[in-house]
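In what follows, a single structure is set out as structure tokens and then discussed.
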Amino acid sequence: LPSPAGKSWNYAKSGARMADLPGQLAQALPREPELVTVEMGANDACRADVAAMTSVDQYRADFTAALKNLRRSLPKTQVYVASVPDLKRLWAEGRADPLGKQVWKLARICPSMLGDADAVDAASTARRGQVEQRVAAYNAVLKEVCGKDPLCRYDGAVNDFRFTGAELSQWDWFHPSKEGQRELAAMAYRKITEREPAA
């Protein structure tokens, strides 16, 4: 296969939220990409507390604006949209490792879901439930908005992926490890290359 070097560009930024997507896509427009991949939403839910999570309406407005801006300039570009990962599963898997919990605490990683990882009292359970519901709402938005664009493919497989600690980075127990990245790449490849159902 030919090397993608010189034909692929990465405008992702650590900590980016859906509000950043319009600007990231604007950076990509001069390259005239044939395919744009989007994976955005975990940082919208991973906030200092649940009150700071991006609202569903704002999330929808930002995603819709980003796609509209892309379409105005690049009407034939394919778009692959990965679902927001299951953050509650991340908590359930990572909390089994003492080092992972310590990293979450010291680095203040995703406090809305991962804060006080061992706490299972009613308030903590309710907090995690709110994050889980917000992620589900974000994914519903991605599916709905992407579904209105004939060249956009939404992939719920990322949220459905039953990852384990092996697919989590040993550095922060939040981002995917190399094995996790391979799994995500395989999911994207399957979705991007699958045949559309006959009309």
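The values are calculated or read from the model by the stated rules, or taken from the named source; none is laboratory data. Quantities reported herein were computed from a predicted structural model and do not represent experimental measurements. Backbone-built Cβ (ideal geometry, glycine too); neighbour counts: all protein chains shown. Surface areas here come from the heavy atoms of the whole protein model, side chains and all, with no ligands, DNA or RNA. Shrake-Rupley method; radii C 1.70, N 1.55, O 1.52, S 1.80 Å.
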Go through 135, 185, 169 and say which Cα lies farthest out towards the positive end of the charge dipole of the stretch 118-199; charges sit on Cβ, +1 for Lys and Arg, -1 for Asp and Glu. 185
Sorted by chain and then number, the residues having a modelled amide H within less than 5 Å of the amide H of residue 168, at least 5 places away or on another chain, are 177
Mind pulling the angle between the C-alpha long axis of helix 98-107 and the longest principal axis of the chain? Nearest 10 degrees, somewhere in 0 to 90. 70
Under the helix-only model (-39500 (n - 2.57) for each DSSP H run of 4 or more, divided by the residues of the chain), the mean residue ellipticity at 222 nm, to 500 deg cm²/dmol, is -15000 deg cm²/dmol
Once amide H atoms are placed 1.01 Å from N in the peptide plane, what residues at a sequence separation of 5 or more from residue 153, or on another chain, have their amide H within under 5 Å of its amide H? 79, 80, 81
Please compute the per residue accessible area over the chain with all protein chains in place, 1.4 Å probe, rounded to a whole number of Å². 58
If you fit an axis through the alpha-carbon atoms of helix 56-73 and take the longest principal axis of the Cα set of the chain, what angle between them do you get, 0 to 90°, nearest 10? 20
Can you send over the carbon and sulfur percentage of the accessible area for the stretch 58-143, probe radius 1.4 Å, protein chains only? 55
Taking GluC sites (Glu not before Pro) as candidate sites, keep only those in a DSSP loop with at most 12 other Cβ atoms within 10 Å, then name the longest stretch of the chain containing none of them. 35-193
For Rg/Rh (Cα atoms, Kirkwood Rh), the listed values are (1) 1.05; (2) 0.98; (3) 1.09; which was obtained by calculation from the structure presented? (2)
Cα long-axis angle, helix 122-147 against the chain (0 to 90 degrees, to the nearest 10): 10
Rank 192, 109 by accessible area, highest first, at a 1.4 Å probe radius? 192, 109
